[in-house]
Structures are given as C-alpha cells and as structure tokens.
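Here's the structure, in structure tokens; my notes come after.
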Amino acid sequence: MTLNKVLSLAALVGAVFLAGPVMAESSQAPLKDVHWSFEGPFGHYDQEQLQRGYKVYREVCSSCHAMNQVAFRNLGDPGGPFFDPKYPNSNDNPKVKSIAADYKVSDIDGDSGDVIKRPATSADYFPSPYANSAAAAAANGGAIPPDMSLLVKAREGGAAYIYSVVTGDGTAPPAGATIPPGKYYDPYKSGDMSANFHGDPSKMPVGGLIAMPPPLADNKVAFDDGTKSTINQEARDVAAFMQWAADPKMEERKQTGLAVMIFLVLFSGLLYASYRRIWRDVGH
Amino acid sequence: MSHPSTYEPKTGIERWLDSRLPIVRFSADILSFPTPRNLNYWYTFGGILSFCLVVQIVTGIVLAMHYDPSGTGAFLSVERGIMRDVNYGWLIRGIHANGASMFFVAVYLHILRGIYYGSYKAPREVLWLLGCVIYVLMMATAFMGYVLPWGQMSFWGAKVITNLIGALPLVGKPITTLLWGGFSVDDPTLNRFFSLHYLLPFVIAAVVALHVWALHVPGNNNPTGVNVKSDTDTVAFHPYYTVKDGFAITLFMIMFAVFVFYLPDALGKADNAIPANPLVTPAHIVPEWYLLPFYAILRAIPDKLIGVLALGGSIGMLFALPWIDRSHVKSMRYRPTARMYFFIWIVAVAFLGWCGSQEPDGKLIPGLESFNLIDYPINSVTWLSRFSALYYFGYFVIVFFLGLYEKPLPVPDSLYTPVLKPSAVAAPAE
C-alpha cells in the first residue's frame with residue numbers, strides 16, 4: 001500500500017467534512033471584514049485590546065447585559081485582560097480585586113440570616129444587572145438582553161457578527177420600511193423584514209430589527225491607553241473582549257494543539273517506518 | 001477462536017493458569033490470528049473504531065464527574081464548570097464532543113467498506129448484523145449525548161426526535177411519555193437521557209465483543225472476497241496489522257486533533273451556545289451532520305407516519321442486505337455494474353445529507369420558478385431529497401436483480417494471486 005493511497009484516504013475523510021452542513025439562507029448584509037489577533041492556529045489575544053474592550057463592557061454593555069459565566073478572577077487568568085505573571089493565582093491580582101470591589105453582590109449575612117449586599121471578591125461571578133429575567137424584559141420593552149458570556153459562540157459569524165451588528169445598529173431604515181417604536185433597523189442582524197416593509201417585494205431590505213438602541217458612539221468611552229475612541233474602535237475592542245469571554249482557554253488550546261500536532265506527525269512517521277520495515281519481505 | 005491454538009505455556013504459572021482460565025492463551029491467539037495479507041487501509045477502520053469507543057468512554061466518565069443533569073444546572077455545569085473551571089475540561093469536552101463526529105466518520109467508512117467488498121455475505125451475516133446493531137446503538141447514544149449540554153439545539157432536537165416516535169400507532173404515545181418522563185421534554189427527560197447515555201456505551205462495548213468474536217470465527221474478508229485457502233494467504237495479526245492499524249490510527253488522530261484544537265465548534269451549532277428555552281423555537285432545527293440523511297428521508301415524505309417508517313426502513317435495509325444481495329461474488333472489484341450503482345448510492349446519501357441541512361423549500365437553482373407537486377416546487381430541496389431517497393431504496397432492488405443477472409469479471413483463484421501478478425486480473429477500482 002502506497003503513501004499515496006493513505007493521503008487520498010485522508011483527503012476523502014476531509015471531504016466528508018467540507019461537504020458538510022450548510023446553514024439555511026439568512027437575510028443579512030455580508031458581515032464586515034475585521035482582522036483579529038486571535039485568528040489562525042497561532043492566534044492570541046491582544047491584552048491591551050481586551051482591557052479596552054473590558055472598559056467598554058463595564059461602562060456601556062454591563063448596564064443591561066449579564067455575563068454570568070465569567071468570574072472576576074478570570075480577568076487575571078493567562079490570556080485574560082488583566083493577567084499579570086507576578087500573580088499566578090489570579091485571585092491575588094490587585095487589579096482584579098479592585099475591579100471586583102466596585103461591584104455589589106447579594107449574599108446572606110452569616111449572623112443574622114438577612115439578605116445583604118456586599119462588595120464582590122475576585123472569586124465571585126459577574127452579577128446580573130437585573131434581579132431576574134422578568135425584570136430584564138420589563139426594563140427593555142419585552143426583549144431580554146442576552147447574557148454576554150457565550151454570545152460570540154451563539155451567533156453565526158462570531159466576533160465579526162458582534163462588531164457588525166453593534167456598528168450597524170440604528171442604520172437609517174430603507175425607504176418603505178416602517179420601524180416600530182422601541183426597535184431599530186440593523187442590516188447585519190440576521191432577521192426578516194417582510195412584516196415591516198411595504199415597498200416592492202423584490203427590493204426587500206436585508207437584515208432585521210433589534211431592540212438594543214445604538215450602544216456606541218465616538219468618544220463614548222475614554223480609553224486609558226490613549227487610543228482614539230471612535231465607534232469602530234470601541235466596537236472592535238468589545239467584540240474582542242467578548243471573544244475572550246466566550247473562549248478564555250483559546251491560547252492554552254492552540255498552544256497545546258501545536259505540541260500535539262508535532263508529536264503526532266513525528267509518531268506517525270515512526271509508525272510508517274516500522275510498517276515499511278515489518279512488511280518489507282511480505283507481498284501484499 | 002477458529003484457528004488452532006499455537007500457544008505453548010512456558011512457565012509453571014502459565015501452565016497452572018492455562019488449565020484453569022486460559023486467558024493468556026486467549027490473548028496470544030488473538031495476536032497470532034491468521035489475517036489475509038492483502039487487507040488495504042479501508043480495513044483499518046475496525047481498529048480506529050475501537051480507539052474511538054475507548055476515547056469516548058474514558059472522556060465521558062470524566063465529564064460525568066463534573067456534569068449536573070438538571071434543567072437549571074446542566075448548561076452552566078458544561079459551559080461554566082467544564083469549559084472554564086475544570087482543569088483541562090475544555091480539552092476533555094472537546095475530545096468527547098468532536099469524538100462523536102469522528103466516531104461516525106469512521107463507522108460510515110467502515111460500513112461502506114463492508115458493502116463494497118461484500119463483507120456481509122456468508123459466512124459473515126451475523127458479524128454484519130451485530131455491526132448494524134452497534135450502528136443503531138451509536139445513533140441512540142450520540143443523540144442522547146447531544147441533549148445533555150441542554151442548549152437550544154439539544155432541547156429542540158430532543159423534542160423533534162422524540163415526537164417522531166409519537167407518530168407510531170398505539171405504542172407511539174405511551175413510549176414518548178415514558179421517554180419524556182412526563183408530557184413534554186423537561187428535567188425528567190434530561191435525567192433519563194443522562195442515565196441511558198452512560199449505559200449504552202457499555203452495551204456497545206459488549207456488542208463490539210460479540211462483533212469481534214463473530215469476526216474471529218470465519219476470519220476477515222479481504223479486498224478480493226476470495227476465501228483464505230492456505231497459510232501463505234495469511235500473516236499473523238501481530239505485528240503485521242498492529243503496526244498497520246497503529247499507523248492508520250495516528251493519521252486519524254491528526255485529523256481528530258485539528259478539530260479538537262483548532263476547530264472545536266466547527267461541527268456544532270451556534271444555537272447550542274444558548275441555554276435551552278421551551279418558549280423560544282430556533283429558526284432552523286437540524287440534527288448533527290451524521291443523522292442528516294435520515295432526517296432528509298423523513299422530511300421528504302408528506303405523511304408523518306410513513307416518513308417515520310421510511311426512516312426506520314432506510315436503516316432496516318442495511319440489516320436485510322445479506323439476504324437481498326444474491327451474488328456469489330463478494331468484492332465489487334469484480335462486479336463493475338454493481339460498483340457503478342454503489343457509487344451513485346454514495347452520491348445519493350451525500351445529497352440526502354445536504355438536503356437534511358437545508359430548508360425544505362430552499363431552491364436548488366436560484367431564481368428559477370417551477371410548479372408545485374405534492375406540496376413543494378420541483379425546484380426545491382424537498383424534491384432532491386425525494387429523488388435521492390427513491391434511489392436510496394431503489395439501490396437495494398437493483399442489488400437484488402444484479403445478483404441474479406449480472407455477469408461478474410473473473411475472480412482470482414486465491415487472494416494472493418493479484419498480489420503476485422497484478423496484471424492477471426482486472427484493475428481494482430479503489
């Protein structure tokens with residue numbers, strides 16, 4: 001058996017995947033093309049970008065969006081926005097501690113049994129801005145702001161989708177479209193405009209309606225590192241932060257992957273050599 | 001074990017043990033099992049599948065230590081607990097979730113190899129039936145495993161699939177209620193799916209043991225389909241096939257690792273990163289890729305009950321294959337006509353898989369208007385599934401008649417002949 005056959009077998013197996021599921025038609029404008037530092041097999045997070053993105057989250061998004069899978073200590077984990085090699089245990093990281101202390105979380109007082117609010121510690125998870133989902137819906141015209149921990153993974157297109165939707169939110173609606181109060185037109189949101197469009201059906205606008213008011217604007221967040229805070233910069237940074245929040249182990253995963261790949265390629269080479277040697281005198 | 005044992009106990013302890021529990025003899029006989037010398041790489045998927053089963057069981061046992069099978073806790077225990085807080089949890093889950101897909105890649109190639117080389121024919125019918133049982137158990141296990149993270153696609157997939165059973169007359173409703181543990185998909189459903197998802201892999205392992213036993217009675221088929229006639233036709237399983245299978249397994253692991261480390265979510269659905277919500281139906285409910293061809297057959301048929309029966313029948317055809325195919329020639333190397341219909345069948349299955357992932361009324365040729373026939377336009381995904389499903393079943397009818405009327409090419413005298421003189425027989429197709 002030749003190596004060629006092995007390779008064609010591997011190619012066939014690969015083709016099974018490439019020919020795999022294709023998602024349904026979606027009415028949305030093509031997502032904006034963004035270059036991310038975390039793309040590709042050697043991708044990594046840009047720590048300064050994550051810090052800027054965190055500031056956007058803290059000052060803008062967190063007033064409506066929870067992030068209940070992320071703990072304060074995660075901010076100081078390797079790959080995270082405030083990782084500092086001096087503090088291998090991120091719970092000790094003073095930056096993390098001070099961020100946590102700005103938040104108040106619910107607890108039970110051990111002596112009296114009363115429900116109390118206390119400053120968060122680095123071991124706590126980010127608290128939700130609303131007491132429950134009914135309160136979240138009531139405060140937002142019936143639409144519950146989704147939890148941000150996994151939002152990048154929960155949307156086709158990932159961080160580029162977040163970036164496009166956030167910057168496209170509030171785009172002037174095309175002629176013939178009526179936008180109900182409390183809603184905004186967004187060409188990048190995967191949706192269906194047929195119920196809100198009264199013009200020529202062949203000119204149906206792409207995109208959909210979103211309940212989130214346009215969240216960002218130029219100079220809305222003052223970045224600590226002096227980066228000019230344009231709306232695009234803010235949106236790109238918060239999308240990168242959300243990518244990290246959804247996939248905090250990415251750097252560890254890709255680094256482990258490199259070692260595993262090198263090992264497997266060498267090991268399969270050794271096995272192939274053994275195979276050739278063992279079968280050397282055997283017709284097959 | 002069908003071949004005479006060549007094991008000689010050498011030490012006193014081995015002799016003592018051999019007359020009480022000949023487990024060393026058993027293992028030695030497996031290692032020295034005479035195996036046709038002409039097995040190609042398509043025959044390595046048995047070893048690859050054993051590897052997959054072990055990987056799934058080991059990673060699954062670890063995941064179960066950290067998993068909370070409750071409606072309120074399941075999603076967080078996976079996405080927050082395992083993926084973020086458990087040491088290497090992202091790796092263990094990445095292997096387990098992608099491992100299910102890898103398992104199906106291997107099992108599909110293993111099944112196609114069996115069909116191509118006629119490995120289901122006498123005296124290997126029981127071996128084939130056991131393989132079909134394993135395949136059905138795998139689909140049940142994978143389906144229930146997909147429900148456990150309790151995301152939107154988990155929940156709605158469970159709802160759609162369990163509702164199918166409800167279409168069966170008389171028994172449908174009671175079985176569905178029993179599966180649900182109530183009157184809709186809810187906490188009790190998740191609990192019993194978790195329990196069954198833990199149980200079934202061990203049932204699979206037991207049937208795999210029977211499958212290997214049934215393999216070792218007649219011995220391996222081979223690419224010529226010609227029976228082993230003498231010792232020169234075979235080599236010992238070890239080291240000849242341990243090294244060949246080992247090499248194939250490492251190649252398989254490289255593909256596996258690409259998904260685990262670089263594309264961990266590529267085979268999943270974005271919707272499953274949203275916690276299950278019974279009040280919000282996802283826009284597009286689709287099963288995992290390995291179930292898509294059957295999903296397409298189900299949707300191709302307007303009547304729900306007939307659709308469910310067709311779905312069952314499409315798998316049932318595999319069980320019946322040894323009795324449908326009457327040809328005495330096993331390998332399609334010597335059956336060019338059968339081979340052609342077989343390759344078209346693979347294309348039909350691929351079409352069905354693609355159709356299963358699309359909206360039923362999606363157009364095949366964009367912009368082309370066509371007329372409706374049985375609920376759907378001719379130019380629609382549904383009609384492509386209908387034609388493909390027709391061929392899927394038609395293939396088995398063709399195979400039956402080919403077995404009676406086809407003129408096969410001359411078959412070599414021994415499986416070793418083509419090895420010695422490749423030009424003496426028709427060029428193999430693979």
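The values are calculated or read from the model by the stated rules, or taken from the named source; none is laboratory data. Since the model is a prediction, treat every value here as computed from it, not as a measurement. Backbone-built Cβ (ideal geometry, glycine too); neighbour counts: all protein chains shown.
A few remarks follow.
- Filter pass, residue B:415 being closer than 20 Å to residue B:221 by Cβ and touching a strand residue (DSSP E or B) at 6+ places or on another chain (Cβ under 9 Å): yes
- Filter result for residue A:112 (touching a Phe, Trp or Tyr at 6+ places or on another chain (Cβ under 9 Å) and in a loop (DSSP other than H, G, I, E, B)): no
- Assessment of segment A:127-138 against the conditions (among the aromatic types (Phe, Trp, Tyr), surrounded by 20 or more Cβ atoms within 10 Å (Cβ to Cβ) and either part of a helix (DSSP H, G or I) or within 22 Å of the chain's Cα centre (by Cα) (or both)) yields no matching residue.
- Of the residues making up segment A:146-194, those that are within 14 Å of another protein chain (Cβ to nearest Cβ) and basic (Lys, Arg) are A:153, A:155, A:189.
- Residue among B:151, B:166, B:172 that is touching a helix residue (DSSP H, G or I) at 6+ places or on another chain (Cβ under 6 Å), buried (at least 20 other Cβ atoms within 10 Å of the Cβ) and either modelled with pLDDT under 95 or within 14 Å of chain A (Cβ to nearest Cβ) (or both): B:151
Results for (1) out of contact with any Phe, Trp or Tyr (no Cβ under 7 Å at 6 or more places or on another chain); (2) away from chain B (no Cβ under 14 Å); (3) under 30 Å from residue A:41 (Cβ atoms); (4) outside any helix (DSSP H, G or I), shown as yes or no for each residue.
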position	(1), (2), (3), (4)
A:209	no, yes, no, yes
A:213	no, yes, no, yes
A:222	yes, yes, no, yes
A:235	no, yes, yes, no
A:256	no, no, yes, no
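- Filtering A:219, A:196 for residues that are surrounded by fewer than 21 Cβ atoms within 10 Å (Cβ to Cβ), without any contact (Cβ under 8 Å) to a residue 12 or more places away in the chain and more than 20 Å from residue A:35 (Cα to Cα) leaves a single hit, A:219.
- Failed item in (1) surrounded by fewer than 21 Cβ atoms within 10 Å (Cβ to Cβ); (2) more than 29 Å from residue A:228 (Cβ to Cβ); (3) without any contact (Cβ under 8 Å) to a residue 40 or more places away in the chain, with residue A:102 passing the rest: (2)
- Selection count, segment B:247-285, where residues are of a type in the set (Val, Ile, Thr), facing another protein chain (nearest Cβ under 7 Å) and either within 11 Å of residue B:153 (Cα to Cα) or touching a residue at least 60 places away in the same chain (Cβ under 8 Å) (or both): 1
- Among the residues of segment B:211-241, those identified as of a type outside the set (Phe, Trp, Tyr) and within 9 Å of chain A (Cβ to nearest Cβ) are B:235, B:239.
- Cβ pairs under 8 Å, 6+ apart, first in segment A:134-150 and at positive phi, second in a loop (DSSP other than H, G, I, E, B): A:141/A:182; A:141/A:211; A:142/A:211
- Any hit, segment B:325-335, residues being within 13 Å of chain A (Cβ to nearest Cβ), among the basic types (Lys, Arg), more than 30 Å from residue B:75 (Cβ to Cβ) and in contact (Cβ under 8 Å) with a residue 40 or more places away in the chain: no
- For segment B:93-114, filtered to residues that are crowded, with 20+ Cβ neighbours inside 10 Å and among the β-branched types (Val, Ile, Thr), the residue that is nearest to the other protein chains (Cβ to nearest Cβ) is B:105.
- Positions within segment A:258-284 being within 30 Å of residue A:34 (Cα to Cα) and facing another protein chain (nearest Cβ under 7 Å), in sequence order: A:260, A:261
- Options A:15, A:24, A:66; residue that is at pLDDT below 95 and part of a loop (DSSP other than H, G, I, E, B): A:24
- Pairs with Cβ under 7 Å, 6+ apart, first in segment B:343-368 and in the same structural domain as residue B:317 (by TED's automatic domain parsing) and among the β-branched types (Val, Ile, Thr), second modelled with pLDDT under 95 and part of a loop (DSSP other than H, G, I, E, B): B:365/B:379
- Some residue of segment B:88-111 being assigned to a helix (DSSP H, G or I) and polar (S, T, N, Q): yes
- Contact annotation: residue pairs with Cβ atoms under 9 Å, 6 or more positions apart or on different chains, pairing a residue in segment A:79-99 that is surrounded by fewer than 19 Cβ atoms within 10 Å (Cβ to Cβ) with a partner that is aliphatic (A, V, I, L, M), are A:84/A:96; A:87/A:96; A:91/A:123; A:95/A:75.
- Qualifying residue in segment B:34-50 (condition: within 28 Å of residue B:153 (Cβ to Cβ) and not aromatic (Phe, Trp, Tyr)): yes
Okay, residues lined up against (1) under 18 Å from the mean Cα position of the chain (by Cα); (2) over 19 Å from residue B:128 (Cβ atoms):
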{"position": "B:170", "(1), (2)": "no, yes"}
{"position": "B:197", "(1), (2)": "yes, yes"}
{"position": "B:218", "(1), (2)": "no, no"}
{"position": "B:222", "(1), (2)": "no, no"}
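- Every test in (1) assigned to a helix (DSSP H, G or I); (2) touching a helix residue (DSSP H, G or I) at 6+ places or on another chain (Cβ under 9 Å); (3) assigned by TED's automatic domain parsing to the domain that holds residue B:54 is passed by residue B:293 save one, and that test is (3).
- Test result for residue B:167, among the small types (Gly, Ala, Ser) and farther than 25 Å from residue B:321 by Cα: yes
- Qualifying positions in segment B:32-69 - touching a residue at least 60 places away in the same chain (Cβ under 8 Å) and more than 14 Å from every other protein chain (Cβ to nearest Cβ): B:32, B:33, B:46, B:50, B:53, B:56, B:57, B:60, B:64, B:67, B:69
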